[in-house]
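Presented below is the structure to which this report refers.
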Amino acid sequence: MTELVTAGADLPRLRELNSLSVVRALRAHPPATVTELSQRTGLSRPAVDVIAQGLVTDGWASLLEPGANSVVGRPARRYQFRATAGHVIGVDVGAHKVLALIADLDGNIVRSLRHSVAADAGPVARLAELDAVINACLTEAGMTPSDIWAVTVGVTGAVDATGRTSFFTPLPGWQSVDLTAHLGGRFACPILVENDCKLATLAERWKGAASDANDIVYLLAGMRTGAGLIIDGILRRGFGGAAGEIGALKQVRWLDAPAHLQNCPGVPDTVGPDDAAAWVFNAAREGDKAAHRAVNRYVKDLAVGTAALVLTLDPQVVIFGGGFSRSADLMLDPLRRELERLCLRMPEVRASTLGADAVALGALKMALNEVDDRLFSAGLSAPVAPRRR
């Protein structure tokens, strides 16, 4: 086999590219022998042998020792990608909570921490809670900011090119917040900020109900309604980051849809606006006719915007997510019936399997994608070799 080198080229750079080729062959694959890595990369076996040993020395790979039950003779050495070489952080900054996850480079979660936040908290208080959650996560994991290779934060509202929610956000005063600058004082790694619906969509395709689909409409159904889009396997942000914000069009009726639940006859005065929906869902399960009508009216309004997205994008699947997905047993069938009435071709409609963790999981996936993009881009040098633990 021929090496991935050419005469007269920059030899150090080509050696680096060959090393990256072997790392890619190890990444997201079972442990492999030198022969298997040679077949995956197109590099010669002697070259792969040298590169693999170097990757172990630098901390990118681990060498698996043969087990006690190995066959007679000299067993082949197996190498695996060292997922603990680096870590990423995914954060969900929501109206009522801050949730942070730390994961290794294979996406295995090593720490998780959630703090409640008042819905009317201002930027200073919410940022303080964000800092506290991240700091506690790092401390519990025995890490420092230098151990983190990428951070992604999910926020409520469309995110523009600067990482701000300059269009609209229900978080009080959040339009003035520059999260990249705020976190950049502690983290030297890339810091990404993205809309919560888009991140939840990414998570559903990664670990959730849409793992078999390339064309997805994700519905965030709750006291706020939003959508995320994956088309041809690619998360769509749009030119300015506002793709999927169809609820901004009043005629779609998403803005007022939750009012059917909040204003349902029979909701006790002691139940606040944020808890009214849960009361209505429970009452509907118990046979309350007014609650059942309120749920159906909510679904009818939700279906209008959903149908517009289905007719425009023709997705394989619609994922019903967000806080209300916990009551998918009440809403999936009515939603399917409405979409069948409104759409030319009916997609599958599935309930989210990730629940309240979807946004933070999507943030992890985006951070991992950022690490891979930087690691495997031919135009960039590989990251500094990780410190040995």
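The values are calculated or read from the model by the stated rules, or taken from the named source; none is laboratory data. If you're wondering where the values come from, they're calculated on a predicted model, not measured in any experiment. Because the Cβ atoms are built from the backbone with ideal geometry, glycine has one as well, and the counts that use them run over all protein chains shown. Side chains are part of the model used for accessible areas, which takes the heavy atoms of the whole protein and leaves out ligands, DNA and RNA. Shrake-Rupley method; radii C 1.70, N 1.55, O 1.52, S 1.80 Å.
Modelled spin-label separation between ASP104 and GLU340, with each label point placed 7 Å from Cα along the Cα-to-Cβ direction: 4.7 nm. Judged by the mean number of other Cβ atoms found within 10 Å, the most tightly packed of the peptides 136-146, 22-32 leads the ranking 22-32, 136-146.
A compact globular protein would have a Cα radius of gyration near 2.2 N^0.38 Å; the ratio found for the range 209-269 is 1.44.
Percent relative contact order of the range 185-305, based on C-alpha pairs within less than 8 angstrom and at least six residues apart? Over the range 185-305, the number comes to 18 percent. To the nearest 500 deg cm²/dmol, what mean residue ellipticity at 222 nm is calculated for the chain from DSSP H runs of n ≥ 4 alone, each contributing -39,500 (n - 2.57), summed and divided by the residues? Taking each H run of at least 4 residues, the total per residue is -12500 deg cm²/dmol.
Compared with the dominant Cα axis of the chain, that is its longest principal axis, helix 273-285 is turned about 80°.
Within the straight-line cut-off of under 26 Å between alpha carbons, the lysines reachable from LYS198 are LYS97, LYS207, LYS250, LYS300, LYS365, sequence neighbours fewer than 8 places apart in one chain being disregarded. Split the accessible area of the range 31-154 by element, probe 1.4 Å, and carbon with sulfur accounts for 53%.
Which FRET efficiency value, to the nearest 0.05, is calculated for ASN282 and LEU64 with the Förster distance at 56 angstrom and r the Cβ-Cβ distance? List each step's numbers first, then the result.
Numbers: r = 52 Å, r/R0 = 0.93.
In this case the efficiency is close to 0.60.
The VAL56 and ILE234 beta-carbon pair, evaluated with R₀ = 41 Å, returns a calculated FRET efficiency of approximately 0.75.
What is the calculated FRET efficiency for LEU255 to ASN135, with r their C-beta to C-beta distance and R₀ = 45 Å, to the nearest 0.05?
0.75
Placing unit charges on each Cβ (+1 for Lys and Arg, -1 for Asp and Glu) gives the chain a dipole about its Cα centre, and among PRO265, GLY184, LEU11 the Cα reaching farthest toward its positive end belongs to LEU11. Within the range 139-168, find all residues whose amide N lies under 13 Å from a label point positioned 7 Å from the Cα of ALA248 along Cα-to-beta-carbon. Label zone hits: 157-161, 165-168.
Placing a label point 7 Å from the Cα of ASP120 along the Cα-to-Cβ line, the residues of the range 270-287 whose backbone N sits under 16 Å from it are 272-275.
The simple spin-label model puts a point 7 Å past each Cα toward its Cβ; for VAL271 and ASP314 those points are separated by 4.3 nm.
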